[in-house]
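Following: one structure in C-alpha cells, then a few remarks.
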Ligand SMILES: Nc1ncnc2c1ncn2[C@@H]1O[C@H](COP(=O)(O)OP(=O)(O)OP(=O)(O)O)[C@@H](O)[C@H]1O
Ligand SMILES: [Mg+2]
C-alpha cells in the first residue's frame, strides 16, 4: 500500500450546492411533462452522482421514466445521464448525472477501505456511482471480458487489474500469460517474476500459449481427480504429505502431478485486443471457449479486451462462457447490447466511465475505473521484480507442442525431416506463387488444419525463411525461391523435372 499515492482532499460545500441545484432541475424537467417527482437523496461518486427520486404521480408507468434521459440531458446540458428505473431492491428511481468536477479514483484509499488481501485474485476496478469500492475476486468471476471503443479506458483498467494482483500476490501464488498485439501496452511487465513467458506479441505464439493453457488445465484436472478434491484451493490446502498419501492408495506418485505435487499457482491469461487474434485465425475462439468453459476449478482465469464489440467478435459462445463483463463507452446501442445485453454503454462519458455486469445478476452497475499513475505502476513493477526473477517456461510458446509430445521429438526445431516433406514444400511453393504467408493462408491454400499450418509458419521462421511476427502484419519472406531449391538439393531431396511444384512459382505470378 505504501507504493501508492495519497488521495487528494474533497470539497464538500461546493458538492452540496451542486446536488441541490441538480435535484431541483430534475424535478422541474419532469414537471414540464406533468409528472410529479421528488428527489429524495443524492449520493456522490467520483465522476457521477446518483440522485434518487420518487414518483409521486401514481399513474406514471415506471417503464416510461427511462424515456426522459434525453430531456434531462438537454436541460442539464450534459451527456452521460443514465436512468435506472427502478433501483434494484428499492422503491425509488436512480438518475445518474455526471459531476461538474470529476475526481480520479485513487487506488490507495480503495485498498485501505476494503481489504482485498484475502481474495484469491483481487481485482480493484474502481468506485460505483455512490462511491462504494468496486472490488472483485477474479477467481469467482471467473473470467472477464472488457470492451469499449478506442481511448475509453480498457488499457487503464487492465493495468489496474494486473497491478491489484501484483500488489497482493507473490509470484508463487499467481502467474500471468500476457498477450499484447499492440506491443506497447504490456511491455512494461517484462521481467516480473509473475510471468510464465515474456509478454507475447506474436499472434502464432499467442495461440500456442492458449493451447498450452488448455493442456495445463487438463493436467490440473487430472491432478484434482487423482487427489479427490474439488478445486485448486482445496488442492493447495492438502499439502504434499496428504497428496502422497492419497495418491499411494491409487498406486500413483506425486512426481506425476504438475509441479510434482507442490502448490499450484493461479494462472491469469490476459489477452489485449483478442479480435486481432481471432482475425489471424478462427481456432482461437475455440481455445478461448474451451478454457473459459472449464478452467475455473483448476485456477486458470481469462481476461479479454476488445475495441470491436461486434457480434462476430463477441460471439454468443464467448459471451455464454464469460459471464462477467465490463463495458466502457461504445459507439452505439447495438455494441452495448452485444456486450451487456442492454443498451446504455453508448451514453457513458469515456475516461474510465464503465458499466459492469456481474455474473448472476441481470442489472449492470455503473462505475468509474481506478486511475494509476505511471509512477505508481512503475513502483508496483519494481516491487514485483524484488520478489524474484522470472523463470520462463519454454513450453508455453512452443507451437504445435501437442504433436511433439507423441513423437517424443525433443529436437532442435530446424530439423531436416521437414525439408523432404512434399506438403511443406507445397506451402513454400504457394508462398512464392502468391507472395503471401501466414497460417491462415496455408490453411486455405493447402486445405490443412490450423495446427499444421501454424507449424509450417514456425518451421519456416526457424529455418530463417520468414521474419518474426510483428503485431498483426504478416511475416516478411527473407529468402528467395532459388535459395529454397538450393537448400533442398543440399539436403539430398530429389524430384521429377516435370513436377510443376518445383518449377519457379514466381514466374507464375500475375
Ligand atoms: N479510469 C480513468 N480515470 C481517468 N482517466 C482515464 C481512465 N481511464 C482512461 N482514462 C483516460 O483515457 C485515456 C485512454 O485510455 P486507455 O488507454 O485505457 O484506452 P483504451 O480503451 O485502451 O484504448 P485503445 O482501444 O485505443 O487501446 C487514458 O490515457 C486516460 O487519459
Ligand atoms: Mg488500449
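FYI, it's all coordinate maths here, none of it is from the lab. Every value quoted in this text rests on a predicted model; they were computed, and no experiment measured them. Neighbour counts are summed over all protein chains in view; Cβ atoms, including those assigned to glycine, are modelled from backbone coordinates with ideal geometry.
Students often check this: by mean Cβ neighbours within 10 Å, which of 137-143, 352-358 ranks highest, and how do the rest follow? Working shown, then result.
Details: 137-143: 20.0, 352-358: 24.1.
Going by the mean number of other Cβ atoms within 10 Å, highest first, we get 352-358, 137-143.
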- Gain on full stretching of the segment that runs from residue 89 to residue 56 - 0.36 nm per residue minus C-alpha separation: 10.0 nm
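What translational diffusion coefficient, in µm²/s and rounded to a whole number, does the Stokes-Einstein relation yield for the stretch 12-98 at 25 °C and a viscosity of 0.890 mPa s, taking the hydrodynamic radius as the Kirkwood radius over Cα pairs? Display every interim value, and only then the final one.
Values: Rh = 12.9 Å.
Calculated translational D: 190 µm²/s.
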- Message: For the stretch 144-265, I need the span (max minus min coordinate) of the C-alpha atoms along each principal axis, in Å, sorted largest to smallest.
- Response: 56, 31, 26
- Report, to the nearest 10°, how far helix 450-462 tilts away from the longest principal axis of the Cα atoms in the chain, using its own Cα long axis and a range of 0 to 90°. 70 degrees
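Which percent, to the nearest 5, of DSSP beta bridges fully inside the chain are antiparallel?
Numbers: 34 of 56 bridges.
Close to 60 percent.
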- Query: How far, in degrees from 0 to 90, does helix 481-490 lean away from the longest principal axis of the Cα atoms of the chain, to the nearest 10?
  - Reply: 50 degrees
- Rounded to 10°, Cα long-axis angle of helix 374-385 versus longest principal axis of the chain: 50 degrees
- Compute the distance in nm between two label points, each set 7 Å from the Cα along the Cα-to-Cβ direction, one at residue 491 and one at residue 385. 4.1 nm
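Between residue 478 and residue 173, what FRET efficiency follows from the Cβ-Cβ distance if R0 is 45 Å, with the result rounded to 0.05? Show your work: numbers first, answer last.
Details: r = 42 Å, r/R0 = 0.94.
The computed FRET efficiency comes out at 0.60.
Normalised by the empirical 2.2 N^0.38 Å for globular proteins, what value does the Cα Rg of the chain take? Write down the numbers at each step before the final one.
On the way: Rg = 27.4 Å, N = 510, 2.2 N^0.38 = 23.5 Å.
Normalised by 2.2 N^0.38 Å, the Cα Rg of the chain equals 1.16.
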